[in-house]
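One structure is given below, encoded as structure tokens.
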Amino acid sequence: MFRSCCPTVDKLEAFAKCPAKGWFSEHVKNCPTCSKIVSDLRDESALVAELQQAATAEPSPSVRRRLKGIAREAVRDPENG
Ligand SMILES: [Zn+2]
């Protein structure tokens, strides 16, 4: 088992999105550092996917109220401010 050369984060990111079989998956399975990075990246992309879904789906009234509040906070109209 060679662990001395971990793949770069770029490659781990690509792997997290599109897992490929082979030495890479073997390495990730056996390397705590890389498996942690991959699982973090997956959590991140799962969150992004959830947010994207929430953005396209009809939000519940309470979510919509909160989003409107956030949008008002974020986008202050300079002409009216
Ligand atoms: Zn590694």
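Given R₀ = 30 Å, FRET efficiency for residue 64-residue 23 by Cβ-Cβ distance, to 0.05?
FRET efficiency, residue 64 to residue 23: 0.05.
Please state, as a whole number in µm²/s, the translational diffusion coefficient that the Stokes-Einstein equation yields for region 9-74 at 25 °C and 0.890 mPa s, with Rh defined as the Kirkwood radius across alpha carbon pairs.
Translational diffusion coefficient: 174 µm²/s.
Assign unit charges at the C-beta atoms only (+1 for Lys and Arg, -1 for Asp and Glu), then state the dipole size of the chain relative to its Cα centre in Debye, rounded to the nearest 20.
200
What distance in nm separates the simple spin-label points at residue 71 and residue 44, each placed 7 Å from Cα in the Cβ direction?
With each label placed 7 Å out from Cα toward Cβ, I get 2.8 nm.
Nearest 500 deg cm²/dmol is fine: what mean residue ellipticity at 222 nm does the chain get from its DSSP H runs of n ≥ 4 alone, each adding -39,500 (n - 2.57), divided by its residue count?
Helices in the chain give a 222 nm mean residue ellipticity of -22500 deg cm²/dmol.
Hey, which lysines would be in cross-link range of residue 17, C-alpha to C-alpha under 23 Å, not counting anything within fewer than 8 residues on its own chain?
29, 36
Only the coordinates and a few stated rules stand behind these numbers; no lab work does. What you see is a predicted model; the values in this text were computed from it and never measured. Methodologically, a virtual Cβ is constructed for each residue, glycine included, from the backbone with ideal geometry; neighbour enumeration extends over all protein chains shown.
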